[in-house]
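Encoded as structure tokens, the structure appears first; notes follow it.
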Amino acid sequence: MSVLQQIEGLKKEALGELENTGDAGQLEAWRVRHLGKKSRLNEVLRSLSSLPVEDRKTVGGAANRLKAELEESLANREEVLGKQHTASARVEQLDITLPGCRPPIGRLHPVTRVIGEMSRIFTSMGFQVVEGPEVEWDYYNFEALNIPKEHPARDTMATLWVDYENEKGERPMLMRTHTSPMQVRVMENAEPPLRVVVPGKVYRYEAIDATHIPMFHQIEGFAIDTNITMADLKGTLYEFAHRFFGRDRKARFRCDYFPFVEPGVEMSIECAVCKGSGCRLCGNSGWIEILGAGMIHPRVLERVNIDPQKFSGFAFGMGIERIPMLRYGIDDIRLFYGSDLRFLRQF
Ligand SMILES: [Zn+2]
């Protein structure tokens, strides 16, 4: 048999075997057998030098052509088997007897839920819910609330000022430090009787730690009418506390000072952990302060042209994040804004 016939035989054999390969392992075995160092084709190529010069060209050419053809066929076969493999894997994946993958269900953020719950309690008592701008003028945030420039109360609310100067060179724009500016905005635009609650974001220039963050939420509320007294304030807030924290939680009022109310009070509820006997959470007092309130200062009313001789009102404001913290014993306010689903899914 001439060498050329041998090459022809190798070709038939190799291509025939290739058709029968079924996976990557068999392909590799085929490659070693027909294209490897010890393959017969390689032997032919190595023995070229021993052939008569006139045959070298024809035999060498035929052997190299076969080598190229086998390499190409191998590549094609690899591709075909690869496709079959992925297709069969896809069929295997679809096992209709397996339970389905439940897509995660979204839910409201705990702070949003508390705002909703509080708003519902107050609207059931005749309050209406309004929202206001978070970027505010100095006038509404301080001035109109009886906190003029140089008033020490400004120092208690570290303010984020907006980088904006008016023609007088003043910086009158800020991120509101409380929700109280909306008291003034509502009073400017509506006549008493008024009963309004204002939930929303407020901002302070504060370093972040377990109890401080630069953005948090408050809910503000006020009522103005003829003959509104401290008894209305207490009645409204007792009712709120009982409905929100439960009938059995005691609540109490004590004197406090805020520039825009006179007199001012703070309301505390009985500590949920120690039931009033004193623990670490309540600083051994048995009580936890939840809000500040008071009778609206006559000067605030005068400024918006409401006659303090004829009308009076009460106002209150409370931090929102504190409430679920107290309710669920959360000791780090940063958790609310850390986007950790393990935390957020608990509510
Ligand atoms: Zn306690």
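The values are calculated or read from the model by the stated rules, or taken from the named source; none is laboratory data. Remember, predicted model here, so these are calculated numbers, not experimental data. With ideal geometry, Cβ positions are generated from the backbone for all residues, glycine too; neighbour counts draw on all protein chains shown. The protein model used for the area step is the full one, side chains on, heavy atoms only, and it has no ligands, DNA or RNA in it. Shrake-Rupley method; radii C 1.70, N 1.55, O 1.52, S 1.80 Å.
Across region 259-297, what is the total count of residues that are in contact with a helix residue (DSSP H, G or I) (Cβ under 7 Å, 6 or more places away or on another chain) and within 8 Å of the ligand (Cβ to nearest atom)?
2
Collect the residues in region 225-271 that are touching a Leu at 6+ places or on another chain (Cβ under 6 Å) and in a strand (DSSP E or B), keeping them in residue-number order.
Hit for region 225-271 is Met267, nothing else.
Could you say whether any residue in region 40-59 is exposed (fewer than 10 other Cβ atoms within 10 Å of the Cβ) and acidic (Asp, Glu)?
yes
Within region 16-51, track down each residue that is farther than 12 Å from Val3 by Cα and not in a helix (DSSP H, G or I).
Asn20, Thr21, Gly22, Asp23, Gly36, Lys37, Lys38, Ser39
Just checking, which of Val304, Val300 is in contact (Cβ under 8 Å) with a residue 60 or more places away in the chain, among the hydrophobic types (A, V, I, L, M, F, W, C), surrounded by fewer than 20 Cβ atoms within 10 Å (Cβ to Cβ) and more than 16 Å from the ligand (Cβ to nearest atom)?
Step by step, each of Val304, Val300 is checked, and only Val304 is in contact (Cβ under 8 Å) with a residue 60 or more places away in the chain, among the hydrophobic types (A, V, I, L, M, F, W, C), surrounded by fewer than 20 Cβ atoms within 10 Å (Cβ to Cβ) and more than 16 Å from the ligand (Cβ to nearest atom).
With (1) open to solvent by less than 70 Å² (accessible area, probe 1.4 Å); (2) in a loop (DSSP other than H, G, I, E, B); (3) on the phi < 0 side of the Ramachandran plot; (4) in contact (Cβ under 8 Å) with a residue 60 or more places away in the chain as the list, and Gly126 as the residue in question, which single condition is left unmet?
Going through (1) open to solvent by less than 70 Å² (accessible area, probe 1.4 Å); (2) in a loop (DSSP other than H, G, I, E, B); (3) on the phi < 0 side of the Ramachandran plot; (4) in contact (Cβ under 8 Å) with a residue 60 or more places away in the chain one by one, Gly126 breaks only (3).
Name the one entry in Ile224, Ile219, Ile213, Ile269 that is in contact (Cβ under 8 Å) with a residue 24 or more places away in the chain, farther than 20 Å from Ile320 by Cα, among the aliphatic types (A, V, I, L, M) and crowded, with 16+ Cβ neighbours inside 10 Å.
Sole residue among the options that is in contact (Cβ under 8 Å) with a residue 24 or more places away in the chain, farther than 20 Å from Ile320 by Cα, among the aliphatic types (A, V, I, L, M) and crowded, with 16+ Cβ neighbours inside 10 Å: Ile224.
Exactly one of these conditions fails for Gly246: (1) at positive phi; (2) more than 35 Å from the chain's Cα centre (by Cα); (3) more than 14 Å from the ligand (Cβ to nearest atom). Give me its number.
(2)
Taking the condition of a type in the set (A, V, I, L, M, F, W, C) and either in a strand (DSSP E or B) or over 38 Å from the mean Cα position of the chain (by Cα) (or both), does Leu291 pass?
Against the criterion (of a type in the set (A, V, I, L, M, F, W, C) and either in a strand (DSSP E or B) or over 38 Å from the mean Cα position of the chain (by Cα) (or both)), Leu291 qualifies.
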